[in-house]
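Everything on this sheet refers to the single structure shown next.
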């Protein structure tokens, strides 16, 4: 079982990363209520071996990128890979509005560069496709930023295979971030497509609706491994496809360490088959 993934044969990361969206205020707006604890969590994640952090300019908006920069800039020598996203506006708490206007995307890229305090973004992802604009137009400034050395790799989020193929004609696509977990396999075809082409598949909402909502077989398997259902959900994702990169988020250092430990759980073939049936595969 592979424990690492390499983006386009260049940047290599551990397959258990960290998604930073929870390190915001209510409604994913503003800073977390306890910013020093959020900084401590991010630094603990790196100390425990996580080297892939996922954020977005819409988390806060903007405050999450600044938080990550403040917390992790002193640790840049740790070879961290920071992924961010652009293409969503925030009208209010819990509200998300796609904006694929090329000028907006250009400003989003430049803003993320400043907030993250980097010369080049390791992985920039289009957060959502805006149906008002052809994806080719939306990605034109992204391709220009890649050519200018401002972006190393490009990803997409919530896309089907046809959109990936259209995007590929504009700029190379290194990753896809779609809603996917043990219970929800809607994007299995996209997972298979990305796997066959060496792209990362980054599930968002990777732990489904939470440990207590998962089916009974998960609890039984968790008991056998002296693990939590959430850890089993992570172990299944890691085994399911070697191009899956997990960005489970948490505000708790204890849960962070449990998530990291889940990467070491080895499911039996029978356990894996039982878990696959939950999502109907």
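The values are calculated or read from the model by the stated rules, or taken from the named source; none is laboratory data. Computed from a predicted model, the values in this text were never measured in an experiment. Glycine also receives a Cβ, built like all others from the backbone with ideal geometry; neighbour counts cover every protein chain displayed.
Can you go through 129, 146, 66 and tell me which one is within 17 Å of residue 39 (Cα to Cα), surrounded by 15 or more Cβ atoms within 10 Å (Cβ to Cβ) and either modelled with pLDDT of 95 or more or in contact with a strand residue (DSSP E or B) (Cβ under 9 Å, 6 or more places away or on another chain) (or both)?
Values: 129 fails: within 17 Å of residue 39 (Cα to Cα); 146 fails: within 17 Å of residue 39 (Cα to Cα).
Being within 17 Å of residue 39 (Cα to Cα), surrounded by 15 or more Cβ atoms within 10 Å (Cβ to Cβ) and either modelled with pLDDT of 95 or more or in contact with a strand residue (DSSP E or B) (Cβ under 9 Å, 6 or more places away or on another chain) (or both) holds for just one of 129, 146, 66, which is 66.
When you look at residue 117, is it more than 24 Å from residue 23 (Cα to Cα), surrounded by fewer than 17 Cβ atoms within 10 Å (Cβ to Cβ) and out of contact with any strand residue (DSSP E or B) (no Cβ under 7 Å at 6 or more places or on another chain), yes or no?
On the way: more than 24 Å from residue 23 (Cα to Cα): no; surrounded by fewer than 17 Cβ atoms within 10 Å (Cβ to Cβ): yes; out of contact with any strand residue (DSSP E or B) (no Cβ under 7 Å at 6 or more places or on another chain): yes.
Against the criterion (more than 24 Å from residue 23 (Cα to Cα), surrounded by fewer than 17 Cβ atoms within 10 Å (Cβ to Cβ) and out of contact with any strand residue (DSSP E or B) (no Cβ under 7 Å at 6 or more places or on another chain)), residue 117 does not qualify.
Output yes when any residue across segment 83-90 is assigned to a strand (DSSP E or B), closer than 13 Å to residue 18 by Cβ and modelled with pLDDT of 95 or more, and no when none is.
Quick first cut of segment 83-90, residues assigned to a strand (DSSP E or B) only: 83-86, 88-89.
Those still in the list that are closer than 13 Å to residue 18 by Cβ too: 83.
Filter again for modelled with pLDDT of 95 or more, leaving 83.
Yes, segment 83-90 has at least one match.
How many of the residues in segment 229-278 are touching a strand residue (DSSP E or B) at 6+ places or on another chain (Cβ under 9 Å) and within 21 Å of residue 5 (Cα to Cα)? Walk me through it before giving the result.
Kept after step one, since they are touching a strand residue (DSSP E or B) at 6+ places or on another chain (Cβ under 9 Å), are these residues of segment 229-278: 234, 237-238, 241-250, 256, 259-260, 262-263.
With the extra rule that they be within 21 Å of residue 5 (Cα to Cα), the set shrinks to 234, 237-238, 241-249, 256, 259-260, 262-263.
Final tally of qualifying residues: 17.
Just to be sure I understand, how many residues within segment 241-260 are in a helix (DSSP H, G or I) and under 17 Å from the mean Cα position of the chain (by Cα)? Write out each step before concluding.
Start the filter on segment 241-260 by keeping residues that are in a helix (DSSP H, G or I), which leaves 253-260.
In the following step, the residues that additionally are under 17 Å from the mean Cα position of the chain (by Cα) were identified as 256, 259-260.
Final tally of qualifying residues: 3.
Of the residues that make up segment 92-111, is at least one in a loop (DSSP other than H, G, I, E, B), at pLDDT below 95, in contact with a strand residue (DSSP E or B) (Cβ under 7 Å, 6 or more places away or on another chain) and farther than 20 Å from residue 164 by Cβ?
Yes, some residue in segment 92-111 is in a loop (DSSP other than H, G, I, E, B), at pLDDT below 95, in contact with a strand residue (DSSP E or B) (Cβ under 7 Å, 6 or more places away or on another chain) and farther than 20 Å from residue 164 by Cβ.
So residue 84 fits all but one of (1) under 30 Å from residue 195 (Cα atoms); (2) touching a residue at least 60 places away in the same chain (Cβ under 8 Å); what number is the exception?
Only one criterion is unmet by residue 84, namely (2).
Find the residue count for segment 242-270, including only residues that are under 16 Å from residue 180 (Cβ atoms) and surrounded by 16 or more Cβ atoms within 10 Å (Cβ to Cβ). Steps first, answer last, please.
The first filter runs over segment 242-270 and keeps only residues under 16 Å from residue 180 (Cβ atoms), leaving 242-249.
If we keep only those that are surrounded by 16 or more Cβ atoms within 10 Å (Cβ to Cβ) as well, we get 243-249.
Within segment 242-270, residues that are under 16 Å from residue 180 (Cβ atoms) and surrounded by 16 or more Cβ atoms within 10 Å (Cβ to Cβ) number 7.
Among the numbered criteria (1) in contact (Cβ under 8 Å) with a residue 40 or more places away in the chain; (2) buried (at least 16 other Cβ atoms within 10 Å of the Cβ), which single criterion is violated by residue 104?
The failed condition is (1).
Looking only at segment 137-188, which residues are closer than 19 Å to residue 238 by Cβ and either assigned to a loop (DSSP other than H, G, I, E, B) or under 14 Å from the mean Cα position of the chain (by Cα) (or both)? Spell out how you get there, then give the answer.
To start, the set of residues in segment 137-188 that are closer than 19 Å to residue 238 by Cβ comprises 175-185, 187-188.
Across segment 137-188, the qualifying residues are 175, 176, 177, 178, 179, 180, 181, 182, 183, 184, 185, 187.
Which of the residues belonging to segment 1-20 are farther than 23 Å from residue 240 by Cβ and modelled with pLDDT of 95 or more? Walk me through it before giving the result.
Here is the first cut: in segment 1-20, the ones farther than 23 Å from residue 240 by Cβ are 10, 20.
Correct list: 20 only.
Being touching a helix residue (DSSP H, G or I) at 6+ places or on another chain (Cβ under 7 Å) and part of a loop (DSSP other than H, G, I, E, B) is the filter; apply it to segment 189-210 and report the residue that is modelled with the lowest pLDDT.
Per the criteria, the residue is 208.
Condition first: loosely packed, with under 15 Cβ neighbours inside 10 Å and assigned to a loop (DSSP other than H, G, I, E, B). Can you find one or more residues in segment 211-224 that meet it?
no
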